[in-house]
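Reading through the structure tokens given below for one structure.
The values are calculated or read from the model by the stated rules, or taken from the named source; none is laboratory data. Not measured: the values here are computed from a predicted model. Cβ sites come from the backbone with ideal geometry, for glycine too, and all protein chains shown count toward neighbours. The protein model used for the area step is the full one, side chains on, heavy atoms only, and it has no ligands, DNA or RNA in it. Shrake-Rupley method; radii C 1.70, N 1.55, O 1.52, S 1.80 Å.
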Amino acid sequence: MQHLKFTYIPGIIKGDIDLPASKSISNRVLIIRALAGNFEINNLSEADDTKIMLSALSSKDADVFIGNAGTAMRFLTAYFAIGNQKKILRGDAQMNQRPIAPLVNALKSIGAKIEYVANDGFTPIKISPSKLDGNSV
């Protein structure tokens, strides 16, 4: 397995990037914006998955329904694991049959507090505030 190393160098990045309106790219850019601070995004996908991601990121509710948006479920699991609020991520019946244990185990290995609400290894999951203390996953 190839290991990648990322280095964070504080500073301001300015510029414009033209991206296609893909739901996958749109969801990644939305997570980057949520982590890095507010910036303008143009040409977001109109896909339901992107609308779900936008709604979930702005939701103040403790219970967040993701439907069948797999990318949103996985990105939000990691995103909420570094937050300071309790969240329950729920999917529809099809989503609740898709395994999420590898991601949950990786996050737990660095200190995330995540519990399965119904069936081990599957959504829905409860994410509690925690301090991630690992530096490698």
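Listed by first and then second residue, the pairs with beta-carbon distance under 6 Å, at least 6 apart or on different chains, first residue in the stretch 108-129 and closer than 10 Å to Ile88 by Cα and part of a strand (DSSP E or B), second among the β-branched types (Val, Ile, Thr) and open to solvent by 60 Å² or more (accessible area, probe 1.4 Å), are Lys126/Val117. Against the list (1) over 11 Å from the mean Cα position of the chain (by Cα); (2) open to solvent by 20 Å² or more (accessible area, probe 1.4 Å); (3) closer than 27 Å to Asn119 by Cα; (4) in contact (Cβ under 8 Å) with a residue 40 or more places away in the chain, the condition Tyr79 fails is (1). Mind checking which residues of the stretch 25-75 are surrounded by 16 or more Cβ atoms within 10 Å (Cβ to Cβ) and either touching a Gly at 6+ places or on another chain (Cβ under 7 Å) or in a strand (DSSP E or B) (or both)? Ile52, Val64, Phe65, Ile66, Gly67, Asn68, Met73, listed by residue number. Does at least one position in the stretch 50-57 carry a residue that is closer than 24 Å to Ala118 by Cα and basic (Lys, Arg)? No, the stretch 50-57 has no match at all.
Asp16: of a type in the set (Asp, Glu) and not in a loop (DSSP other than H, G, I, E, B), yes or no?
Working: of a type in the set (Asp, Glu): yes; not in a loop (DSSP other than H, G, I, E, B): no.
Against the criterion (of a type in the set (Asp, Glu) and not in a loop (DSSP other than H, G, I, E, B)), Asp16 does not qualify.
Filtered by the rule that a residue be touching a Pro at 6+ places or on another chain (Cβ under 7 Å), in a loop (DSSP other than H, G, I, E, B) and surrounded by 13 or more Cβ atoms within 10 Å (Cβ to Cβ), the stretch 84-107 gives a lone residue, Lys86. Checked against (1) within 12 Å of the chain's Cα centre (by Cα); (2) farther than 24 Å from Phe122 by Cα; (3) β-branched (Val, Ile, Thr), Ile66 passes all but condition (2).
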